[in-house]
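The values are calculated or read from the model by the stated rules, or taken from the named source; none is laboratory data. Keep in mind it's a predicted model, so treat the numbers as computed, not measured. When we count neighbours, we look across all protein chains shown, and the Cβ atoms used for this are built from the backbone with ideal geometry, even at glycine.
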Amino acid sequence: MAAHHLGIALDEEVVATSEEPDALTRANPLGKIPTLVLDDGTAVFDSRPIMAELDRMSGGKLYPRNGERRRTAERLEAAADGLCDALVASVYERRMRPAEKVHTPWLDYQMRKAVRALDWLEAEAPALRGRPHGGHFALAAALAYADLRFEALNWRRGRPRLRRFIDRFAETVPGYEALGPRA
Ligand SMILES: N[C@@H](CCC(=O)N[C@@H](CS)C(=O)NCC(=O)O)C(=O)O
């Protein structure tokens, strides 16, 4: 999403991580997405290093230069990425285990993290004026993932500032819906 917005051309390769495809595990020993392979073959993996790479490629257009604003962007990004990690952990608990081995206290533990993160994000919801930064992209991606996999979580209920944020983000980043996570 950020690369597209910055006008950085990417060849997108969709992989099924659970099949541990060679193309992915050769580039990223952890076998995780997102993984960004640069023109010289160097692989950059994990969202935040990838975002830092895109920032360098764009000549610093993805993060504020001012120290305090940068910290705000990074805190937002960490909370949004952490929200995704908690949601992904819940998805995997159900997807990877036989039904009788799914551990409900673990699912509840992850959902409490997700709800606390959403409440924190509501309290810290950024006003989006001007160019979106890395924290905004991370938040938009996390909310889109919650919409995709956790409809019942209904993150919009009681979180008007996050609702306003996502509406504003969709206006600012044309094509946002098409660029978000897909099943
Ligand atoms: N902290 C990582 C999390 C990435 C992540 O959990 N990716 C999941 C898909 S959403 C994945 O590749 N899972 C496959 C696996 O864990 O084997 C990031 O932000 O890039």
Q) Just to be sure, is Ala142 at pLDDT 95 or above and surrounded by 15 or more Cβ atoms within 10 Å (Cβ to Cβ)? A) yes
Q: Test Ala23 against the stated conditions and say whether it is in a helix (DSSP H, G or I) and over 19 Å from Leu139 (Cβ atoms).
A: yes
(Q) Looking at region 121-133, I want the residues that are assigned by TED's automatic domain parsing to the domain that holds Leu143 and have a partner that is among the charged types (D, E, K, R) with Cβ atoms under 6 Å, at least 6 apart or on another chain. Which pairs are those? (A) Glu122/Arg159; Glu122/Arg161; Ala125/Arg161; Leu128/Arg168
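Of everything in region 30-60, what is in a loop (DSSP other than H, G, I, E, B) and within 11 Å of the ligand (Cβ to nearest atom)? Give them in sequence order. Write out each step before concluding.
Of the residues in region 30-60, the ones in a loop (DSSP other than H, G, I, E, B) are 30-34, 38-42, 46, 58-60.
Within region 30-60, Leu30, Gly31, Lys32, Ile33, Pro34, Asp46 meet the criteria.
Do we find that Ala73 is hydrophobic (A, V, I, L, M, F, W, C) and under 20 Å from Met51 (Cβ atoms) in this structure? Working first, answer last.
On the way: hydrophobic (A, V, I, L, M, F, W, C): yes; under 20 Å from Met51 (Cβ atoms): yes.
The answer is yes for Ala73.
Kindly evaluate Glu93 against the criterion of being within 16 Å of the ligand (Cβ to nearest atom), in contact with a Phe, Trp or Tyr (Cβ under 8 Å, 6 or more places away or on another chain) and either over 15 Å from Leu153 (Cβ atoms) or free of Cβ contacts under 8 Å to residues at least 60 places away in the same chain (or both).
Details: within 16 Å of the ligand (Cβ to nearest atom): yes; in contact with a Phe, Trp or Tyr (Cβ under 8 Å, 6 or more places away or on another chain): yes; either over 15 Å from Leu153 (Cβ atoms) or free of Cβ contacts under 8 Å to residues at least 60 places away in the same chain (or both): yes.
The answer is yes for Glu93.
Restrict the check to region 12-19 and report whether at least one residue is loosely packed, with under 13 Cβ neighbours inside 10 Å and either more than 16 Å from the ligand (Cβ to nearest atom) or among the aromatic types (Phe, Trp, Tyr) (or both).
Looking only at region 12-19, we keep the residues that are loosely packed, with under 13 Cβ neighbours inside 10 Å, and these are 12-14, 16, 18-19.
If we keep only those that are either more than 16 Å from the ligand (Cβ to nearest atom) or among the aromatic types (Phe, Trp, Tyr) (or both) as well, we get none.
Within region 12-19, none of the residues are loosely packed, with under 13 Cβ neighbours inside 10 Å and either more than 16 Å from the ligand (Cβ to nearest atom) or among the aromatic types (Phe, Trp, Tyr) (or both).
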Q: From (1) under 20 Å from the mean Cα position of the chain (by Cα); (2) at pLDDT 95 or above, pick out the condition that doesn't hold for Ala127.
A: (2)
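Would you say Arg112 is free of Cβ contacts under 8 Å to residues at least 24 places away in the same chain, part of a helix (DSSP H, G or I), away from the ligand (no atom under 16 Å from the Cβ) and surrounded by 15 or more Cβ atoms within 10 Å (Cβ to Cβ)?
No: the conditions fail for Arg112.
Out of the residues in region 62-81 that are surrounded by 17 or more Cβ atoms within 10 Å (Cβ to Cβ) and in contact with a Lys or Arg (Cβ under 9 Å, 6 or more places away or on another chain), which is farthest from Leu36 (Cα to Cα)?
Here is the first cut: in region 62-81, the residues surrounded by 17 or more Cβ atoms within 10 Å (Cβ to Cβ) are 62-64, 73-74, 76-77, 79-81.
Filter once more, so that each one left must be in contact with a Lys or Arg (Cβ under 9 Å, 6 or more places away or on another chain): 62-64, 74, 77, 81.
On the way: Leu62: 16, Tyr63: 19, Pro64: 22, Glu74: 20, Glu77: 18, Asp81: 17 Å.
So the residue we want is Pro64.
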